[in-house]
Amino acid sequence: MIDTHAHLYFNSYDTDRDEVINRTLSKLDMVINIGIDEKTSKQAVDLSQDYDGFYAAVGLHPEDVSSQMSVDISWVSTLCQHQKVVAIGEIGLDYHERSEVGSKELEDGVKKKQKEIFKAQIENAIENNLPIIVHSRDAFEDTMAILLEYKGHITGVWHSFTEGYEKMQQVINMGFYVGINGIVTYNSAQELQLAVARVDLSHIVLETDSPFLPPQLNRGERNEPSMVELVADKVAQLQNREAYDVVSATDTNAYKVFGIERPRL
Ligand SMILES: [Zn+2]
């Protein structure tokens, strides 16, 4: 079983990180820790050096982009040379209402800067032959438009997918995998559940986004990678098949998209 998206470097694990990691490694074969800025990307790389099944993604999250920022992401190019860095991410567009955004000009400035930095990181991934992990919130159309510019040159995972079947197919047709997490267990996520029920398993990967988005059973608590099992169970239930089949198919996808050799049993 694989968690393709976690943030185990966050300080919410500071008091018991070793225990969380032990539980993780006793259940899962692989975890990818995803950076959101320079500091956390380095922390994700550090974790990957300490544990066999841990890998890292490095990148600048759109929420950390401000309109005044100068676009220096040379640290992404440097960090992605590390042998356990398997993707650039998480990167993308986030138009969710932000406290510092007051005027329309400022908002447009932030969006423009997010697009610029997203594109620069996609180009970086292409140069380094790495997939990307896409974060897109309230920005489906703009994210698609940018990814379509690079169609055929870039692949990766559209992380934390929450839309319905039609949009899911658009993402898949662009050559991307769809990241499914605890959201699929929420009663409010009916459109997503219908999409997951119909999708071909060869196009999805499982994730937790730990410490965020715990499955329905653990809502309100801190999430952790071992909970990816509950995501697999829900996908299996929706698809009317065994959890084993879901895990096996999505593991294969994860190894493939991140270019990692499947460990021999
Ligand atoms: Zn994340």
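I want the local charge near Ala254. Using Cβ-Cβ distances under 13 Å, sum +1 for each Lys or Arg and -1 for each Asp or Glu among the other residues.
Within the 13 Å Cβ shell, the charges total -3.
Other residues lying with their Cβ under 10 Å from the Cβ of His7 contribute a combined charge of -2, Lys and Arg counting +1, Asp and Glu -1. Average accessible surface for the chain: 46 Å² per residue, computed with a 1.4 Å probe over protein heavy atoms with every protein chain in place. Sort out for me the Cα centre separation of region 46-93 from region 6-22, rounded to whole Å. Region 46-93 and region 6-22 have Cα centres spaced 19 Å from each other. DSSP assigns beta bridges within the chain; of those with both partners inside it, close to 0 percent run antiparallel.
Highest-first packing order for the peptide set 62-68, 159-165, 230-236 is 230-236, 159-165, 62-68, based on the mean count of other beta carbon atoms within 10 Å.
Within the shell defined by Cβ-Cβ distances under 12 Å, the residues around Ala195 carry a net charge of -2, with Lys and Arg each +1 and Asp and Glu each -1.
When the accessible area of region 117-265 is computed with all protein chains present and a 1.4 Å probe, what percentage of it is carbon and sulfur? Looking at region 117-265 in its full context, I get 45 percent from C and S.
Just want to confirm a number: the relative contact order over the chain, from Cα pairs under 8 angstrom separated by 6+ residues, in percent.
Normalised by residue count, the contact order of the chain is 18 percent.
Just checking the listed ones, Lys104, Lys27, Lys151: in the Gaussian network model of the chain with Cα springs under 10 Å, the one fluctuating most is Lys104.
The values are calculated or read from the model by the stated rules, or taken from the named source; none is laboratory data. Owing to the predicted nature of the structure, the values given are computational and were not obtained by experimental measurement. Positions of Cβ are generated from backbone atoms using ideal geometry, with glycine treated the same way; all protein chains shown enter the neighbour counts. Areas reflect the complete protein model, heavy atoms only, side chains present, ligands, DNA and RNA absent. Shrake-Rupley method; radii C 1.70, N 1.55, O 1.52, S 1.80 Å.
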